[in-house]
Amino acid sequence: MEEEKLDLISSLPFELQQRIISFLPLKEAVRASVLSTRWKSLWSPIQVSLNFDPNPINHEGSVQEFNQVMGMCMRSYACLGQWKLCLNVVDSNEALILKATKGVDTELHLEFFETKKVSRDFKSEPTSTSACLCLHSHHPTQTDSFSGVKLLHLRSVTNLTKTLVSEVFSNCHVLESLKLEKCRGLESLDVKTDSLRSLVVADCSNMAAITISAQNIKSFWFHGALPQIITLKNTRSLIDVVLNLKDGPISNEFDCEEILSILFSFKDVEALTLSGWLLEWLCSAGVIFGRLDFQFNKLKALTWIDSLINKDKRDSLACFLNACPLLEKLSVEIDSNLSTIPCPLFYQYWHEPHLWMDFTSVTSNTSQLKHLKSIELLGFTGRDHELQLMDLLLEKAIRVNSLTLTCPEFLS
């Protein structure tokens, strides 16, 4: 019992505890706080209250005051820290809450919380400008509070808080990793910088346009509804792309030329994840991947995701494989929890309609997968179209040495 009461960590000086925890990555440091009751105090947030005017005409003073406070928070990365900013909305009894967490590796997490009354009073008001995040490379000034941030995670940005977020983002001149999560107030993203290495956009339901020019970016992951515009320029280092378009297209208009332009910008990646409905729609519109003027000649790992495999999804995947001559690993993930995206009718065709063919014709038109060595079928239920896809892959993948089938829990 005496040994259990002995807490060596808590007996250390506070400054030494901060020094120890500063050597940990931010996530690990947060987890480590449960090891000692004393360490929990290291994460007691510093609370600050500010007035905030959401009116674009009057918010300059609010932005300046916000920058001053955040400048104090970001003054040093020698230790971890957490701030809680209460932004009192002008002419309202409500407030916005900003939780800012700073890591020692030039890491910053910003999460916004908005009360219901604030959302109701201000969201209905029209705005003259779109909610766009813009970051272009230029030399930072000494007054830039965020010029040293290399990892930025923004969560729950709304239309009401976009001004503050834009101020933060535009000053992150050496940003290497950016994650936007559940930012329903953002409509577009424009990044032009050589420092960015990784970009994740997840569940930003109103994101309609993404423009990236970053010659050193290596990974781009997108989860949500297909934006109207995705433009990637000067991204020669890009090797890992995820397009998990689980929410379908953001617009009712489906432009094959625009989608093929997006795929063209990914043609040199080594790992690619795509939603099955996107290939199905393209093939339903008459796209024949083997006839395009580009192929995925460097693609080694392909992941296909959808809620089910039917005839059209099976045949569109087979069609896409014709454009992946050096593919080594294929993962097919069937997730019944995903929404089914119904395919529209097309009356004009890019090449010619071909999803009407029987399975024998589809098999004969599928190229040999000479380099495919590993096949994973996740969520496999044994339905006819799944079995036919497996037969096709085993016939065409003449050098496959690994086949993994994973069934859903309700079947196992």
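Points to keep in mind about this one:
- Residue-normalised accessible area of the stretch 320-412, expressed per residue, 1.4 Å probe, Å²: 61
- Overall form of the stretch 293-381 per C-alpha gyration tensor (a/c, 1.5; a/b vs b/c): oblate
- The stretch 182-304 shape via C-alpha gyration tensor axes, a/c threshold 1.5: oblate
- Protein-only accessible surface order, largest first, of Thr360, Thr366, Thr381 at 1.4 Å: Thr360, Thr381, Thr366
- Cross-link pairs beyond the 21 Å C-alpha cut-off, checked among Lys179/Lys267; Lys233/Lys267; Lys182/Lys298; Lys99/Lys218; Lys218/Lys373; Lys150/Lys329: Lys179/Lys267; Lys182/Lys298; Lys99/Lys218; Lys218/Lys373; Lys150/Lys329
- Accessible surface for His385 stands near 60 Å², nearest 10, in the context of the full protein assembly shown (1.4 Å probe).
- Note on the stretch 257-412: Cα-Cα pairs beyond 22 Å make up 38% of the total pair count.
- In this view, the solvent-accessible surface of Ile334, computed with a 1.4 Å probe and all protein chains in place, comes to about 30 Å².
- The accessible area of Lys329, taken with all protein chains in place and a 1.4 Å probe, comes to roughly 80 Å².
- Using a Förster distance of 51 Å, the FRET efficiency for Glu409-Gln68 (Cβ separation, nearest 0.05): 0.45
- Probe 1.4 Å, all protein chains present, accessible-area order of Lys192, Lys99, largest first: Lys192, Lys99
- Using R0 = 45 Å, the C-beta based FRET efficiency linking Thr231 and Leu16 works out to 0.35.
- Solvent exposure ordering (accessible area, 1.4 Å, most first) of Lys311, Lys396, Lys298: Lys298, Lys311, Lys396
The values are calculated or read from the model by the stated rules, or taken from the named source; none is laboratory data. Predicted model only: the values in this text are computed from it and were never measured. Because the Cβ atoms are built from the backbone with ideal geometry, glycine has one as well, and the counts that use them run over all protein chains shown. These area figures cover heavy atoms from the full protein model, side chains too; ligands, DNA and RNA do not enter into them. Shrake-Rupley method; radii C 1.70, N 1.55, O 1.52, S 1.80 Å.
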